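The values are calculated or read from the model by the stated rules, or taken from the named source; none is laboratory data. Source: prediction; values computed, not measured. In this analysis, Cβ positions are derived from the backbone assuming ideal geometry, glycine residues included, and neighbour counts consider all displayed protein chains. Heads up: the accessible areas ignore ligands, DNA and RNA and are worked out on the full protein's heavy atoms, side chains in. Shrake-Rupley method; radii C 1.70, N 1.55, O 1.52, S 1.80 Å.
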Amino acid sequence: KITINGQPTVELDFSGCLIRMLYHLDKIDYLDDPYRLAPLTACEDANGLGKDHFREPVKRMMQALINGREGKRNERIRMPNKQTFRPFFSRIDVAEMLKAKHALIADKFFSEAGIKLQRYESDIALDIISNLKVKGIACLPVHDSFIVNSEKEDELREEMISVYQSYIGYSPIIK
């Protein structure tokens, strides 16, 4: 429902932005869906829960792992009431699944890596918005996604890729 100058818009998103950054900063080009966990997908299918039923809680869990502090490693990871894995899985179960899936970067969990990544993310966002402004393109940021006039989708995609590559050295996945 968002328009720019009365025109329809499109929103492009960096898929799995912070997780991919962790991989990319370790010189690993990660292409898989970082939030898809096979046991949860099987549970969704077996119980008629719908595709991506667990996606938001998994994203929240991953953020907690990335942003956690070393001294808080054993602290209970808080989840909003509606974001749960129950009655099928516990938070510990899912945290262990994420650690196994992301074993190559699991050493970054509970390291406060998220603070450094958030700085990269904000610098990238600012450059994207600023570069598009110079080109006369209005751009609205929403976390790690951006909204532009639908006619400017290609320019936004090119800018997102270019700026991300200049900071991180790899190509992002944009959806």
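The calculated FRET efficiency for the pair K133 and K59, based on their C-beta separation and a Förster distance of 35 Å, comes to about 0.75. Net charge dipole, the chain: roughly 760 debye, given to the nearest 20, about the Cα centre with Cβ charges of +1 for Lys and Arg and -1 for Asp and Glu. For the pair segment 134-175 and segment 1-76, the centres of their Cα atoms are 19 angstrom apart.
Computing volume of the Cα convex hull per residue in Å³ directly from the structure and comparing it against (1) 195; (2) 127; (3) 108 singles out (2). Label separation (E153 vs D45): 3.0 nm, computed from points 7 Å beyond Cα along the C-beta direction.
The eigenvalues of the Cα gyration tensor, multiplied by 5 and square-rooted, give segment 81-175 an equivalent ellipsoid with semi-axes of 33, 17, 12 Å from largest to smallest. For S15, nonlocal amide neighbours, meaning residues 5 or more places apart or on other chains whose placed amide H falls under 5 Å from its own, are I173, I174, K175. In the full protein context, the chain carries 57 Å² of accessible surface per residue, based on a 1.4 Å probe and ignoring ligands, DNA and RNA. A simple spin-label model places the labels of K1 and V142 1.2 nm from each other, with each point 7 Å out along Cα-to-Cβ.
Once both labels are positioned 7 Å from their Cα atoms along Cα-to-Cβ, the gap between I28 and V10 label points is 3.2 nm.
Near D52, no amide H atom lies under 5 Å from its own; only residues 5 or more places off or on other chains count, and H is placed 1.01 Å from N. Two tests apply to each whole DSSP H helix in the chain, Cα reach of 20 Å or more along its axis and mean Kyte-Doolittle hydropathy of at least -1.0, and the ones passing both are 113-134, 153-168.
Residue separation of R69 and S122 scaled by 0.36 nm, minus their Cα-Cα distance, works out to 17.0 nm of gained length. Were the residues from A100 through S162 laid out at 0.36 nm apart, the gain over their Cα-Cα distance would be 19.2 nm.
Surface composition of the chain: carbon plus sulfur atoms contribute 50% of the solvent-accessible area (1.4 Å probe, protein chains only, all chains present). Between S150, M97, I124, the Cα set farthest toward the positive side of the dipole of segment 91-168 (charges on each charged residue's Cβ, about the Cα centre) is that of M97. Here the Gaussian network model covers the chain, with springs between Cα atoms less than 10 Å apart; of N149, N67, N47, N47 fluctuates the most.
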